[in-house]
Amino acid sequence: MPCYCRDPSILAECGLDEQTQEVLLSNIKRKLTSQAVKIRSDFEVACYGYEGIDAVKAALRAGLACSTEELPIKINLIAPPLYGTYFHVLNLLSESLRFNYSVTTLIFML
């Protein structure tokens, strides 16, 4: 957050009365609050080798292993062999990297 939200004394030099300053700070904090973003990805999982369904299960479990309490990743079966994964994020850049790592792990497991 910008420094004027952490240190309201910066706005004191503007000559605003106390009530106006409080309303201004509350509006600024509300506007700067991050909005949650839902990211979804659909992918097909298939293994035509000897391992077959066991390799698919292992790959899906490896993708789910990347899930954390702050970033729960869910993988749903849409229609075989199509799966979908999604999660909600507040900080799009750092958490989307974790999502990419999860999907990459899933791909390399196959």
Check on ARG61, modelled with pLDDT of 85 or more and assigned to a helix (DSSP H, G or I) = yes
task = Among residues belonging to the range 65-89 that are assigned to a loop (DSSP other than H, G, I, E, B) and charged (D, E, K, R), point out the one that is surrounded by the fewest Cβ atoms within 10 Å (Cβ to Cβ).
result = GLU69
ask   = Could you list, in sequence order, the residues of the range 42-73 that are closer than 23 Å to VAL89 by Cα and aromatic (Phe, Trp, Tyr)?
value = PHE43
note = Among residues of the range 42-58 being in a helix (DSSP H, G or I) and not basic (Lys, Arg), the residue surrounded by the fewest Cβ atoms within 10 Å (Cβ to Cβ) is ILE53
ask   = Could we say that SER102 is part of a helix (DSSP H, G or I), under 22 Å from the mean Cα position of the chain (by Cα) and at pLDDT below 80 here?
value = yes
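The values are calculated or read from the model by the stated rules, or taken from the named source; none is laboratory data. Computed from a prediction, not measured in an experiment: that's the story for all the values here. Every residue, glycine as well, gets a Cβ built from its backbone with ideal geometry; the counts of neighbours run over all protein chains shown.
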